[in-house]
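Here the structure is laid out as structure tokens; the discussion comes afterwards.
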Amino acid sequence: MPTTHCLAGRNRPNPTIPSFELGQLVATPAGLAVLLDAGVSPLEIMSRHAVLDSDDLDVADVRANVEALSSGARLISAYTVRINSEDVRLLVITEAVGPDGHRASTCLLRSDEY
């Protein structure tokens, strides 16, 4: 089970309200297999991503996410799940805002697929 490091609560009045639109939710088969094996719901991971609650981001990525909320750039979260005593890293990436003013999709995948 991932350890929660809540980035969402910083400067946000309600960390349970999504910070941005996710667009269409998609996932790679390998990403979904990791969640299934770990007993983690894809909805849990996507919900955490939507409020910028990520396990495993460096300071530069955290800053980039905060800036992306106003600039429209892509957003990324990382989560580590444990499967049979092995840590597996997952990424959730939401595309940048397109010409239509919306984010088209959010994808969950294994970090080695990126």
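The values are calculated or read from the model by the stated rules, or taken from the named source; none is laboratory data. Nothing here was measured: the structure is a model prediction, and the numbers come from that model. Cβ sites come from the backbone with ideal geometry, for glycine too, and all protein chains shown count toward neighbours. Accessible surface areas use protein heavy atoms only, side chains included; no ligands, DNA or RNA. Shrake-Rupley method; radii C 1.70, N 1.55, O 1.52, S 1.80 Å.
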- Note: among D55, D87, just one is open to solvent by less than 50 Å² (accessible area, probe 1.4 Å) and under 24 Å from A30 (Cβ atoms), namely D55
- Scan segment 62-84 for residues that are open to solvent by 50 Å² or more (accessible area, probe 1.4 Å) and either closer than 20 Å to G31 by Cβ or in contact with a Lys or Arg (Cβ under 6 Å, 6 or more places away or on another chain) (or both) and jot them down. R74, R82, N84
